[in-house]
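So the structure is just underneath, and the comments pick up after that.
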Amino acid sequence: MAKRPSPAVPFWRAKTLEEMNRQEWESLCDGCARCCMVKLEDVDTAHIYFTDIGCKLLDGETCRCRDYRRRQSRVADCVKLTPETARSLSWLPVTCAYRLIAEGRDLQWWHPLVSGTPDTVRLAGVSVGGRVVASEDDVPEDEWGDHIVKWPNRPARKARD
């Protein structure tokens with residue numbers, strides 16, 4: 001009896017972040033937009049607090065950037081993820097694929113590269129879609145502390161049968 005060929009190893013298991021091409025790198029983003037939420041840092045403790053306020057370029061329903069190509073020139077603190085930043089940014093959400101791969105872990109069941117559909121990001125409760133209460137341009141900066149929430153940095157829901 002002939003052996004069946006083993007399925008190909010997915011690129012995110014076979015390559016380091018540095019070895020990925022642009023298409024592979026971009027496909028790691030699950031589109032949750034958690035990283036696009038305004039974060040506050042306690043200057044005394046360096047603790048990061050997430051808010052329910054989105055970046056001024058974030059579409060809070062689709063979880064897409066309204067100007068992805070020019071985002072860094074339009075938003076002063078927009079961070080371009082690189083393999084180095086994926087390893088060093090403490091505020092990347094615990095669900096972030098870049099963070100998971102940088103830490104030597106695998107993608108989760110709900111990631112579109114695993115599930116085959118972007119719908120699982122919402123099903124797992126990871127997406128910020130419908131949970132963004134305002135844009136950073138709509139809330140005075142001195143009120144951002146009133147918008148601190150915990151959900152953007154919580155793990156995903158468990159898979160259901």
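Listed values, structure above:
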quantity: Elements of type helices (runs of 4 or more DSSP H) in the range 24-112, at least 1 residues being polar (S, T, N, Q) and at negative phi; calculated: 71-74, 83-88
quantity: Any hit, the range 90-100, residues being crowded, with 19+ Cβ neighbours inside 10 Å, touching a residue at least 12 places away in the same chain (Cβ under 8 Å), of a type in the set (K, R) and closer than 30 Å to D138 by Cβ; calculated: yes
quantity: Hits in the range 68-87 - residues which are within 24 Å of M20 (Cβ to Cβ) and among the acidic types (D, E); calculated: E84
quantity: Selection count where residues are in contact with a strand residue (DSSP E or B) (Cβ under 8 Å, 6 or more places away or on another chain) and touching a residue at least 40 places away in the same chain (Cβ under 8 Å), scope the range 42-67; calculated: 11
quantity: Candidates V128, V139 - the one that is crowded, with 16+ Cβ neighbours inside 10 Å, over 17 Å from the mean Cα position of the chain (by Cα), modelled with pLDDT of 95 or more and assigned to a loop (DSSP other than H, G, I, E, B); calculated: V139
quantity: Index of the failed condition, D42 passing every other in (1) surrounded by 11 or more Cβ atoms within 10 Å (Cβ to Cβ); (2) more than 18 Å from L107 (Cβ to Cβ); (3) more than 17 Å from the chain's Cα centre (by Cα); (4) of a type in the set (D, E, K, R); calculated: (1)
quantity: Enumeration of residues in the range 142-159 that are modelled with pLDDT under 95 and either in contact with a Leu (Cβ under 8 Å, 6 or more places away or on another chain) or surrounded by 18 or more Cβ atoms within 10 Å (Cβ to Cβ) (or both); calculated: P152, N153, A156, R157
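The values are calculated or read from the model by the stated rules, or taken from the named source; none is laboratory data. It should be emphasised that the depicted structure is a prediction, and the values quoted were computed from it without experimental measurement. Reconstructed Cβ throughout: ideal geometry from the backbone, glycine too, with neighbour counts over all protein chains shown.
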